[in-house]
Amino acid sequence: MRHNNSVFHSVLQGVPWDVFDRLVAAHQTDRRVRHLTTKSQFVALLYGQLEGASSLREIEAGLASQRSRLYHLGVSAPRRSTLAEANAQRPAAVFSELFAVMAARAHRPLRRALAGTTYLLDSTGLRLDERSLDWARFSEKVCGVKLHVVYDADADQPIYAAITPARVNDVTPAQTMPIEPGATYVFDLGYYDYAWWARLDDQACRIVTRFKRNTPLAVIEELPVKQGGPILSDRIGFLPQRQGSGRKNPLQHAVREVQVKTDTGKVLRILSNDLDAPAQEIADLYKRRWAIELFFRWVKQVLRITRFLGISENAVRIQIAVALIAFLLLRLAQAAQKTIASPLCFARLVRLNLMHRKPLDRLLDPEPIPIRNPAQLALQWQLS
């Protein structure tokens, strides 16, 4: 009889376990561990993400009921208290660094096939309860964190992520992110910082963002636009010499302002340092920001990233990192089959069949009918 791994086992094949082992050794997270290894912790949290478990107790009960199928994964079912302690104390860097490696590896094949890449920058807020006020305070009774993401819309995946308390401005973590020379970066008003724009410009990056309402432009040239179209004006000029608190503007090159009217009638002032591309191309690039909004919505709907299993900063960081890893694993698993094209449908089918023994390209198939031996007597019981 042919043996099939469980769907969970097949999804986990996308994890680079050699990298994981090196990170565990580097951070010494398995030192003096007697019960729950870092791998068991990681697999348990991934199970919670893919299964949709909303508490550590659900993870404990679910894995305990599948002990016989955990043997091939090389892990053991955890106790709730042990898992909670590991989430609070083991360095979150193991999981965040693993995500960074996986994102880079998944992105590389497509990146080689593209002439250029457009990166979308944005953040999403995640609410925490009042027990996390000591490290994630936003106001007197509100606390939360921000997930900052650099998203490649062509590859349909994040390539960089950072987590900060909600009170941190978006541009602060952006200033420490790696910059890819020559790439296009699209972002909104939360990243309004002339000095950071100048760093991108120095790396030959194309910038597409929005003007603040009160930012003037010293116009030096008016470019022609098609009458009656969505592009209202196309102008080249210089930004103010200073930005807030008397800071000198290091971006001394001319920039471009493209005014575009949206389908809802709203007029946007789009800023770019690309003075040569067609105005419609600049407008279309800014419109692509919608892709990262869809990514945030997908992650919040499909993965456990809005209900947290711990209250400490370390536990929250671990859960978000594992959620992003789960997203990458689902993308890799979907790419390995051709039957299910919809990412949302594939994720739902993985959840429904997670511990079933099925190939990934047979998730839509019904359960096989058990083979019966005609030489055996089958008794039919009917209750009256």
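The values are calculated or read from the model by the stated rules, or taken from the named source; none is laboratory data. Since the structure is predicted, the reported quantities are computational estimates derived from the model, not experimental observations. Cβ sites come from the backbone with ideal geometry, for glycine too, and all protein chains shown count toward neighbours. Heads up: the accessible areas ignore ligands, DNA and RNA and are worked out on the full protein's heavy atoms, side chains in. Shrake-Rupley method; radii C 1.70, N 1.55, O 1.52, S 1.80 Å.
Worth pointing out:
- Check on Gln259, among the polar types (S, T, N, Q) and touching a residue at least 24 places away in the same chain (Cβ under 8 Å): yes
- Strands (runs of 3 or more DSSP E) contained in region 151-245 and holding at least 3 residues open to solvent by 60 Å² or more (accessible area, probe 1.4 Å): 218-223
- Just one residue in the set Val15, Val75, Val24, Val11 is within 21 Å of Ala323 (Cα to Cα), touching a helix residue (DSSP H, G or I) at 6+ places or on another chain (Cβ under 6 Å) and outside any helix (DSSP H, G or I); that residue is Val75.
- Taking the listed residues Ile292, Ile318, Ile311, Ile325, the one that is under 30 Å from Asp361 (Cα atoms), in contact with a helix residue (DSSP H, G or I) (Cβ under 9 Å, 6 or more places away or on another chain) and not in a strand (DSSP E or B) is Ile325, with no other qualifying.
- Members of region 132-146 that are in contact (Cβ under 8 Å) with a residue 40 or more places away in the chain and either in contact with a helix residue (DSSP H, G or I) (Cβ under 6 Å, 6 or more places away or on another chain) or charged (D, E, K, R) (or both): Trp135, Val145
- Apart from one condition, Ile305 fits all of (1) surrounded by fewer than 21 Cβ atoms within 10 Å (Cβ to Cβ); (2) of a type in the set (A, V, I, L, M, F, W, C); (3) part of a loop (DSSP other than H, G, I, E, B); the exception is (1).
- Inside region 1-57, residues that are within 17 Å of Arg67 (Cβ to Cβ), among the acidic types (Asp, Glu) and without any contact (Cβ under 8 Å) to a residue 60 or more places away in the chain make up a count of 0.
- Residues (in contact with a helix residue (DSSP H, G or I) (Cβ under 9 Å, 6 or more places away or on another chain) and not hydrophobic (A, V, I, L, M, F, W, C)) located in region 200-215: Arg206, Thr209, Arg210, Lys212
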